[in-house]
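Here's the structure we're looking at; comments come further down.
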Amino acid sequence: MHAALTPGSVGPVVLRNRIIKTATFEGMTPGGRVTPALIAHHAAMAEHGIGLTTVAYGAVEDGGRTFPKQLLVDQHAGLAPLADAVHAHGGAVSLQLAHCGGFSRHAIPKGPSAGWNAYGTASGKPWIRALNPGDLERIEGAFATAATLAVDAGFDTVEVHVGHGYLLSQFLSPLLNRRRDEYGGSLANRLRFPLRVVEAVVEAVGDRAAVLAKINLSDGKEGGLEGLEAVEVAVALEKAGVHALVTSGGLVQRSAFFLMRGDVPLAAMARADESRLQSVALRAFGSVLVKPFPWSAGFIEPGRSVVDAVDIPVVALGGLDSSATLQRAHEAGYAFFALGRSLLADPDFVRRLENEEAVVSRCDHCNLCVAEMDQGVRCVRFAR
């Protein structure tokens, strides 16, 4: 039996196997609410044998959404039927808790520091305002409330998003955080607010569910968070009480394809964008602004430093598309394995792994799923 198929514990939660469906924006929450399509999507993951399926980007407040179709975690979200549907197939379910900070075209962008919000320029929101102490207190409380709502609805874990250039990652990144108060400058200061949030979530959840944190190993941009600082972040989050870490990388607003690697389907992205001005900008300047990164299972080796530095489980993410790459990650010390595009292309990946010695996903890293995710995430090439 492949090591990925053995049961594994994350804090108080025991998963039937170690394969996790990672958070990939589903495009199935119009108005910010759970829909039958979203329920069916995650129930199908459980039915196909996934140990844990992750509901993507649950904004902890309305101002935390990058665009209005993202899930808003409040008392009206409709989370319980989704959890029930996943549990009915023997799986566990996680909710990713996030806030976009200064990276938004939905609400007034507010981040660690004032600056230009290129993402929101075409939507009339080009300027990022600096968060004040009252904003920080409100957002901290919003994360705790969202975590409570998720666990009350039956979710087995919550994943605090501390990566990819969203708010907590913005605080950690010296490229995006230029504050001169106690929340900027040294890594200890840049960690201060993310740790406040994580500690509030851990306290809110108690022993009823597991808390994961997704972190950047590298921002993928010169001047960003890198290497040794990323390890220090991991150690600090372990001390704050998280039960597992998910290693990733990249800043959506600066180095989006650093995480995904592979093709950059600019034409498809431009066609799919609902903003006409944004679509024109992608066609005209996309090849300059969106840097490609050749496909690779790029985070397995860099993440070894985190695996060695902490005692909690570390989840491998990025380019896990075969039984061979899962084995590489296992041998590198990772305890769990998060897949995204591979499961979209091959929903039966786990069942095949149970019955076959060598499994390779059909995913060819074309990233058309990324271009069209707003229309309902799926494998564009092989979806049935």
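So here's what we get for this one:
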item	result
Contact order normalised by residue count of the chain, Cα under 8 Å, 6+ apart, percent	16 percent
Surrounding net charge for ALA236, when Lys and Arg each add one and Asp and Glu each subtract one, Cβ distance under 14 Å	-1
Given charges at beta-carbon only (K, R positive; D, E negative), |dipole| of the chain in Debye	1120 debye
Expected-Rg normalisation [2.2 N^0.38 Å, Cα atoms] applied to the stretch 126-180	1.36
Label point 7 Å beyond Cα of ARG351 along Cβ direction - residues of the stretch 23-57 with amide nitrogen under 12 Å	44-50
Euclidean distance of C-alpha centroids, the stretch 160-219 and the stretch 328-384, integer Å	28 Å
Value at 222 nm in deg cm²/dmol, rounded to 500, when DSSP H runs of n ≥ 4 in the chain each add -39,500 (n - 2.57)	-10500 deg cm²/dmol
Size of the chain as Cα extents on the principal axes (Å, biggest first)	54, 45, 41
Reachable aspartates and glutamates, given that their alpha-carbon falls under 14 Å from the alpha-carbon of LYS239 and they are not under 8 places away in the same chain	GLU199, GLU203, ASP311
Theoretical gain in end-to-end length, GLN375 to ASP152 [0.36 nm per residue, Cα-Cα removed]	77.3 nm
Highest-MSF residue in the chain out of ILE215, ILE19, ILE108 [GNM, Cα springs under 10 Å]	ILE108
Principal axis dimensions, largest first and in whole angstrom, of the stretch 19-112 by Cα	40, 25, 19
Distance between modelled label sites at GLU137 and ALA40, nm, 7 Å Cα→Cβ extension	4.6 nm
Translational D in µm²/s for the stretch 319-384 (Stokes-Einstein at 10 °C, 1.306 mPa s, Kirkwood Rh from C-alpha pairs)	126 µm²/s
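All of the numbers you see were taken from the coordinates with simple rules; none came from a lab. Computed from a predicted structure; not experimentally measured. Counting neighbours? That spans all protein chains shown, and the Cβs are built from the backbone with ideal geometry, glycine included.
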